[in-house]
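The values are calculated or read from the model by the stated rules, or taken from the named source; none is laboratory data. Computed from a predicted structure; not experimentally measured. Don't worry about glycine lacking a Cβ; one is built from the backbone with ideal geometry, like all the others, and counts go over all protein chains shown.
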Amino acid sequence: MRINDHPILSFPETETITFSYQGREINAKRGETIAAALHNAGITELRNSGDRERGRGLFCAIGKCSSCLMKVDGVPNVRTCITMVQEGMEVEKQTGFPEIPSKSTKLKSEIIEKKSPEVLVIGGGPAGLRASLTAASAGASVLVIDENPLLGGQMIKQTHKFFGSSDQEAGERGKDIGDRLSREVSDHPEIEVMTSTSAVGIFEEKVGIYKNREKFLKVDPEKTIVATGATEDMIKFPNNDMPGVYGAGGVQTLMNVYGVKPGDRVLMVGAGNVGLIITYQLLQANVEVAAIAEIASEIGGYFVHAAKIRRHGIPIITDHRVSRVEGTEKVERAVIEEVGDSGEVIQGTEKKFDVDVVALAAGLSPSYKLLNHGGCELEFQPALGGHVPKRDKRMRTTREEIYVAGDASGIEEATSAMLEGAIAGADAALSIGKGGPGEEDIIRDAREKLEKLRAGSYYDNLRSGLQEVEKPSRTKEQ
Amino acid sequence: MITKDVIIIGGGSTGLALGYYLVNKGVDDLLILEKDYVGSGSTGRCGTGIRAQFADKPTIRMMKRAEANWKEISSELDFEFNRTGYLYLHYTESDLERYREMSELQNSFGVPTEILSPEDAKEICDLIDISEVKGASFNPEDGKAHPFDVVTSFRKYFRESEAELKENSEVTSMKLRRRKGLKLVKTPSSTYGAKVVVNAAGGWAPKLGEMINLDIPIEPYRHQAIITEPFKLGSIEPMIISMHHGDAYFTQTNRGGIIGGVGTPEDEPPSYNMTESLEFEKRVSEAFASIIPGLKHARMLRHWAGYYAMSPDGNPLLGEYRVPGHYLAAGFSGHGYMMAPSVGEGLADLIVNGQTDLPLDYYDPERVDRGELREDALQMG
Amino acid sequence: MIECPQEIPCDPCQANCPAGAIDLEDINGTPTVDFEKCTGCSVCVESCPGLAIFTVDCSSEKGCTVTIPYEFDLPEVGEEVIGLNRKGEEISRVTVTSLKTKGDSAFDTPTVTVQVQEEHVNELRNIRRSK
Ligand SMILES: Cc1cc2nc3c(=O)[nH]c(=O)nc-3n(C[C@H](O)[C@H](O)[C@H](O)COP(=O)(O)OP(=O)(O)OC[C@H]3O[C@@H](n4cnc5c(N)ncnc54)[C@H](O)[C@@H]3O)c2cc1C
Ligand SMILES: Cc1cc2nc3c(=O)[nH]c(=O)nc-3n(C[C@H](O)[C@H](O)[C@H](O)COP(=O)(O)OP(=O)(O)OC[C@H]3O[C@@H](n4cnc5c(N)ncnc54)[C@H](O)[C@@H]3O)c2cc1C
Ligand code: SF4
Ligand code: SF4
């Protein structure tokens with residue numbers, strides 16, 4: 001199920017390695033995750049759920065849910081979507097809750113190490129990368145970590161060109177922007193990068209991070225910038241946990257990052273920008289899309305994105321909800337039904353699609369948990385996607401030494417994420433005595449650009465949501 | 001003003017169990033006021049453990065009764081109380097000897113604690129690394145109950161009874177002597193009067209004391225706990241204790257997670273701080289992994305802090321305090337959850353009948369005024 | 001032809017038009033083309049991230065052509081392909097007169113130019129290879 005010819009992407013040949021799944025040998029490409037390798041081998045049911053023992057497949061593919069947990073080298077509950085496959089690895093399916101390992105495992109033992117960068121950036125998406133570069137350019141020492149194996153966050157799978165202002169990165173493909181930022185960050189002498197590394201908690205004194213399969217570290221930064229992005233939302237319908245129901249972003253990761261087709265025929269749920277764009281990308285990967293079902297009466301995404309899909313003859317069916325998916329072990333069919341003005345289901349309007357993939361593009365929620373743990377005040381703001389931290393215009397949360405940037409501060413776009421990252425990075429540097437007037441200029445300039453970006457009528461809700469959570473700066477803005 | 005026969009302040013295990021026994025003894029005109037939600041204090045943050053392995057007679061008696069009561073309440077209110085035992089692991093001969101003596105005392109009160117060989121301990125939980133273990137004590141009648149199950153069962157019980165449980169109702173002021181002994185209790189929305197008021201506010205008990213200018217000798221000490229991702233049920237049945245590993249304790253909940261903690265450093269001062277520390281995670285992982293090596297790979301899902309409400313001698317303050325009709329039921333340090341059903345029963349007896357067959361005298365709060373401190377109860381965590 | 005009717009924060013079409021033919025009040029405005037100035041160079045087609053611009057050129061005696069952005073498996077020059085409308089419905093068979101690959105394109109969006117009957121120039125917005 002590898003994608004061989006792609007109009008935009010190329011997936012270079014890498015070394016073939018072998019690992020075992022349930023004792024059976026499987027070939028994989030070096031540099032891909034366990035879940036991607038298994039998908040390529042046609043294995044989509046990765047485990048059985050804890051309490052009901054129902055089959056589960058991949059969902060988010062970026063380490064934010066627990067759908068893909070498997071036993072790897074004797075260790076249970078490993079997130080196989082962000083763990084790279086290695087030669088000779090033993091992968092086993094979990095049924096029910098796993099057993100506590102009884103024997104010692106092949107893993108190295110954890111060492112507790114300490115690090116003290118001036119600025120710690122959690123999350124290597126556009127927000128985190130821009131924050132790292134800005135802080136480091138001002139002279140701060142930076143450690144940036146990301147729990148995925150690759151830097152770039154959601155950018156690495158955006159094969160389409162971004163809107164935005166032409167004096168920034170507009171018109172460039174998301175992937176290229178991500179690659180460029182990642183390179184700049186990796187090459188910067190003041191920035192240390194740790195991938196496959198999760199922040200597990202922001203404590204009073206320190207931040208705890210875990211380098212996957214290796215070690216636990218205490219980080220003692222002066223300032224912390226949380227740029228953890230967002231999590232895809234699940235929606236309720238019977239069998240929504242069946243293998244074959246994916247987050248749309250998960251589908252995108254599989255096909256655009258790892259070059260693996262998620263399936264043969266897809267029903268996309270949700271006609272916001274994410275649903276529209278990923279539908280288009282599925283077509284580019286030569287995967288058939290049966291339709292897009294949207295519960296609202298209108299298409300939420302941009303007109304131009306919808307137009308790109310329509311001219312390929314993909315129907316966008318509004319006023320329809322997913323009523324269920326059907327199948328024995330994995331998705332074989334999806335059923336949608338029309339809903340009336342007050343959300344009631346209109347009987348007799350069922351439409352069935354024979355599909356093996358249902359991709360949910362039903363919204364994103366900010367990944368706020370670390371901020372919550374760190375004691376930053378949160379507020380529920382539907383216009384921003386859920387719980388978001390209160391902050392000032394310099395992206396400082398209610399806890400002085402913690403900043404937020406990007407989707408974690410409210411669901412927006414990569415362009416705004418980068419601008420927020422620049423603000424957070426510049427202010428973090430200034431607050432520890434690094435940088436100077438140049439950094440003030442960066443902040444002022446980024447604020448102006450943000451305001452412009454958010455000025456259109458498309459963003460009315462967003463602006464009013466932001467007004468609620470942005471409290472006045474603690475120090476006067478210059 | 002709304003008048004009641006009894007008002008209980010605090011919807012933790014103590015307040016809820018007391019309310020339950022009062023209703024059982026016919027006191028229906030009862031109000032429980034809880035500032036947040038039931039279990040939001042230490043109860044919802046506790047380690048789920050219930051034991052009768054103690055070192056002093058009154059506490060052993062209280063806990064023996066508590067365990068019997070837990071069994072009754074759990075079947076009446078329909079929650080799980082699993083008598084899977086407490087397994088104390090001993091790593092030195094002297095500890096083993098001390099616990100052997102303790103087990104004899106416990107046996108004399110009908111608590112069937114046995115001393116086990118390391119191999120027998122492994123029979124009870126085969127994940128334990130017994131290479132350094134010298135022996136163990138085990139009481140099969142000890143057990144565990146999930147506090148979320150317990151408090152929600154009580155909430156349901158009060159919803160169906162005449163008594164009233166009000167959550168999101170913080171007591172903001174109190175007055176003790178007015179109108180023929182009626183005590184006044186105010187929340188932001190109402191004023192209540194009652195002949196009997198019970199302060200069951202856990203670590204916050206002294207704050208209520210301040211409202212009536214009474215110095216309540218209790219201080220809150222932060223204690224932390226963690227829970228791991230869920231594992232196959234039955235992986236760790238008993239509560240496993242090791243004093244040797246920094247007072248470590250852990251067991252598996254009925255949802256599969258491994259819950260537990262280690263002790264707080266002696267030099268940590270009392271405070272209302274409820275944040276977690278990374279240093280704790282380090283100590284907990286080292287301790288758990290030394291006792292059960294496989295736990296090295298268990299991920300912690302959540303980590304939180306609560307209070308041990310500490311009296312000067314580590315034993316609770318139970319009974320009337322200074323003013324007739326003003327009762328204290330607080331200061332339970334690390335064992336107020338397990339004790340709640342016998343505390344509730346005994347105190348309800350005292351309030352309704354003026355006497356009880358349980359040794360509540362031992363916990364008379366005024367002992368502190370008299371300078372009669374008790375031996376510290378066997379603490380852990 | 002610019003088919004971009006929403007106020008989205010985007011401006012490459014305006015910024016990159018060599019003839020200054022595209023007007024956009026500000027970044028959130030909707031673009032309009034001054035056809036007096038437009039040379040039909042199709043740079044905007046390549047630069048638009050929304051793939052929302054198409055050039056229609058009826059200046060030649062041979063008839064009209066439509067240039068579309070096309071990020072799929074490219075046809076060959078001279079190949080007969082199926083012309084599709086905005087809903088993806090077939091309208092007619094058309095012939096590819098020229099193309100720009102991802103590499104040739106000024107902004108790495110491949111484009112395909114097809115010969116189209118005049119009555120279809122405002123309808124044809126996509127193609128499909130017939131194989
Ligand atoms: C289909 C799709 C199309 C899009 N199209 C556009 C577009 O055209 N234009 C545009 O501007 N934007 C677009 N976006 C949005 C854009 O990709 C996001 O807004 C942007 O990536 C957000 O950046 P971020 O840095 O905040 O978060 P992310 O890019 O999500 O990065 C967050 C990173 O943090 C890491 N992380 C999270 N938690 C932890 C932890 N505890 N420890 C360590 N690391 C952690 C994650 O692994 C991740 O890599 C699109 C998004 C999608 C899904
Ligand atoms: C980490 C940890 C592990 C523990 N493990 C165990 C264990 O395994 N077994 C065991 O038996 N014990 C254990 N304990 C101890 C146990 O949790 C406590 O002793 C017990 O829960 C005390 O119950 P309580 O009802 O007295 O107090 P709490 O549960 O603290 O209840 C007091 C209630 O009063 C409320 N309140 C406070 N002020 C006001 C006000 N002004 N108005 C209204 N309401 C108010 C609070 O919100 C709170 O809900 C543990 C404690 C901790 C912290
Ligand atoms: S075709 Fe060329 S000249 Fe005409 S609007 Fe586009 S870029 Fe400008
Ligand atoms: S570049 Fe394309 S999407 Fe952007 S404003 Fe111009 S026409 Fe619209």
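Residues to consider are C:89, C:61; find the one that is closer than 20 Å to residue A:284 by Cα, free of Cβ contacts under 8 Å to residues at least 12 places away in the same chain and either within 13 Å of ligand 3 (Cβ to nearest atom) or out of contact with any helix residue (DSSP H, G or I) (no Cβ under 6 Å at 6 or more places or on another chain) (or both).
Numbers: C:61 fails: closer than 20 Å to residue A:284 by Cα.
The match here is C:89.
Residue by residue, here is whether (1) at pLDDT 95 or above; (2) charged (D, E, K, R) holds:
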site	(1), (2)
B:219	yes, yes
B:223	yes, no
B:229	no, yes
B:232	no, yes
B:239	yes, no
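Picking from residues in the range A:144-155 that are of a type in the set (A, V, I, L, M, F, W, C) and buried (at least 24 other Cβ atoms within 10 Å of the Cβ), the one that is farthest from the other protein chains (Cβ to nearest Cβ) is A:151. Considering only residues in the range A:124-158 that are among the β-branched types (Val, Ile, Thr) and under 21 Å from the mean Cα position of the chain (by Cα), the one that is nearest to ligand 1 (Cβ to nearest atom) turns out to be A:145. Considering the range A:22-65, the residues that are more than 14 Å from chain B (Cβ to nearest Cβ), part of a loop (DSSP other than H, G, I, E, B) and among the basic types (Lys, Arg) include one that is surrounded by the most Cβ atoms within 10 Å (Cβ to Cβ), namely A:64.
Set side by side, the residues C:8, C:53 differ, and just one is crowded, with 17+ Cβ neighbours inside 10 Å and more than 16 Å from ligand 1 (Cβ to nearest atom), which is C:53. Here residue A:18 does not qualify as within 16 Å of ligand 1 (Cβ to nearest atom) and more than 21 Å from residue A:358 (Cα to Cα).
Sort out which residues of the range B:231-251 are within 14 Å of chain A (Cβ to nearest Cβ) and surrounded by fewer than 21 Cβ atoms within 10 Å (Cβ to Cβ), and write them in order of number. Step through it out loud before you land on a result.
If we filter the range B:231-251 for residues that are within 14 Å of chain A (Cβ to nearest Cβ), which is where we start, we get B:231-237, B:240, B:250-251.
Once the filter is applied, which keeps residues that are within 14 Å of chain A (Cβ to nearest Cβ) and surrounded by fewer than 21 Cβ atoms within 10 Å (Cβ to Cβ), the range B:231-251 yields B:232, B:233, B:234, B:237.
Restricting the search to the range A:337-382, which residues are closer than 26 Å to residue A:266 by Cβ and out of contact with any strand residue (DSSP E or B) (no Cβ under 8 Å at 6 or more places or on another chain)? So that I can check it myself, show each step before the final result.
Step one: list which residues in the range A:337-382 are closer than 26 Å to residue A:266 by Cβ, which gives A:337-339, A:343, A:345-346, A:348-365, A:367.
Within the range A:337-382, A:343, A:348 meet the criteria.
Within the set A:347, A:381, the sole residue that is surrounded by fewer than 24 Cβ atoms within 10 Å (Cβ to Cβ) and within 30 Å of residue B:277 (Cα to Cα) turns out to be A:381. Restricting the search to strands (runs of 3 or more DSSP E) fully inside the range A:159-217 and requiring at least 3 residues that are at pLDDT 95 or above, over 18 Å from the mean Cα position of the chain (by Cα) and away from chain C (no Cβ under 14 Å) gives A:191-194. When residue A:412 is tested against (1) modelled with pLDDT of 95 or more; (2) under 21 Å from the mean Cα position of the chain (by Cα), only condition (1) is not met.
Looking only at residues in the range C:16-46 that are free of Cβ contacts under 8 Å to residues at least 24 places away in the same chain, within 13 Å of ligand 3 (Cβ to nearest atom) and under 19 Å from residue A:304 (Cα atoms), which one is surrounded by the fewest Cβ atoms within 10 Å (Cβ to Cβ)? My answer is C:23.
Residues that are farther than 26 Å from residue A:158 by Cα and within 14 Å of chain A (Cβ to nearest Cβ): find the strands (runs of 3 or more DSSP E) completely inside the range C:22-131 holding 2 or more of those. Spell out the reasoning first.
Values: elements: C:55-57, C:64-69, C:80-84, C:90-100, C:111-116, C:126-129.
Correct list: C:80-84, C:90-100.
Please tell me if residue A:273 is touching a helix residue (DSSP H, G or I) at 6+ places or on another chain (Cβ under 8 Å) and within 30 Å of residue A:293 (Cα to Cα). Answer is yes for this residue. If I filter the range A:161-174 for residues that are farther than 17 Å from residue A:414 by Cα and crowded, with 24+ Cβ neighbours inside 10 Å, do I get at least one hit? No, the conditions are met nowhere in the range A:161-174. Please tell me if residue B:312 is touching a residue at least 60 places away in the same chain (Cβ under 8 Å), in a loop (DSSP other than H, G, I, E, B) and on the phi < 0 side of the Ramachandran plot. So residue B:312 fits the description; yes.
I want to confirm something. Restricting to the range B:322-347 and keeping residues that are among the aliphatic types (A, V, I, L, M) and either buried (at least 24 other Cβ atoms within 10 Å of the Cβ) or within 10 Å of ligand 2 (Cβ to nearest atom) (or both), which single residue is nearest to the other protein chains (Cβ to nearest Cβ)?
Taking the range B:322-347 and keeping what is among the aliphatic types (A, V, I, L, M), we get B:323, B:328-330, B:338-340, B:343, B:347.
Now narrow it down to the ones that are either buried (at least 24 other Cβ atoms within 10 Å of the Cβ) or within 10 Å of ligand 2 (Cβ to nearest atom) (or both): B:328-330, B:338-340, B:343, B:347.
Working: B:328: 32, B:329: 31, B:330: 27, B:338: 25, B:339: 30, B:340: 29, B:343: 34, B:347: 37 Å.
Filtering the range B:322-347 for residues that are among the aliphatic types (A, V, I, L, M) and either buried (at least 24 other Cβ atoms within 10 Å of the Cβ) or within 10 Å of ligand 2 (Cβ to nearest atom) (or both), the one nearest to the other protein chains (Cβ to nearest Cβ) comes out as B:338.
When residue A:97 is tested against (1) away from ligand 1 (no atom under 16 Å from the Cβ); (2) at pLDDT below 95; (3) farther than 17 Å from residue B:229 by Cβ, only condition (3) is not met.
Quick check: anything in the range A:66-76 over 21 Å from residue A:212 (Cβ atoms), surrounded by fewer than 24 Cβ atoms within 10 Å (Cβ to Cβ), touching a strand residue (DSSP E or B) at 6+ places or on another chain (Cβ under 7 Å) and in contact (Cβ under 8 Å) with a residue 12 or more places away in the chain? No: zero hits.
Restrict the check to the range A:430-445 and report whether at least one residue is under 23 Å from residue A:387 (Cβ atoms) and touching a Ser or Thr at 6+ places or on another chain (Cβ under 7 Å). Walk me through how you get there before you give the answer.
Filtering the range A:430-445 for residues under 23 Å from residue A:387 (Cβ atoms) gives none.
Looking for residues that are under 23 Å from residue A:387 (Cβ atoms) and touching a Ser or Thr at 6+ places or on another chain (Cβ under 7 Å), one finds none in the range A:430-445, hence no.
Condition first: away from ligand 1 (no atom under 16 Å from the Cβ) and within 27 Å of residue B:304 (Cα to Cα). Can you find one or more residues in the range B:91-114 that meet it? Looking for residues that are away from ligand 1 (no atom under 16 Å from the Cβ) and within 27 Å of residue B:304 (Cα to Cα), one finds none in the range B:91-114, hence no. Within the range A:353-373, the set of residues being over 18 Å from residue A:410 (Cα atoms), assigned to a loop (DSSP other than H, G, I, E, B) and hydrophobic (A, V, I, L, M, F, W, C) comprises A:355 only. Exactly one residue out of B:295, B:278 is out of contact with any Asp or Glu (no Cβ under 9 Å at 6 or more places or on another chain) and within 12 Å of chain A (Cβ to nearest Cβ): that is B:295. Inspect the range B:306-321 for any residue being acidic (Asp, Glu), more than 25 Å from residue A:215 (Cβ to Cβ), within 16 Å of ligand 2 (Cβ to nearest atom) and touching an Asp or Glu at 6+ places or on another chain (Cβ under 9 Å) and give the result as yes or no. Yes: the range B:306-321 contains one or more residues that are acidic (Asp, Glu), more than 25 Å from residue A:215 (Cβ to Cβ), within 16 Å of ligand 2 (Cβ to nearest atom) and touching an Asp or Glu at 6+ places or on another chain (Cβ under 9 Å).
When residue B:6 is tested against the conditions (1) in a strand (DSSP E or B); (2) surrounded by fewer than 23 Cβ atoms within 10 Å (Cβ to Cβ), the lone failure is (2).
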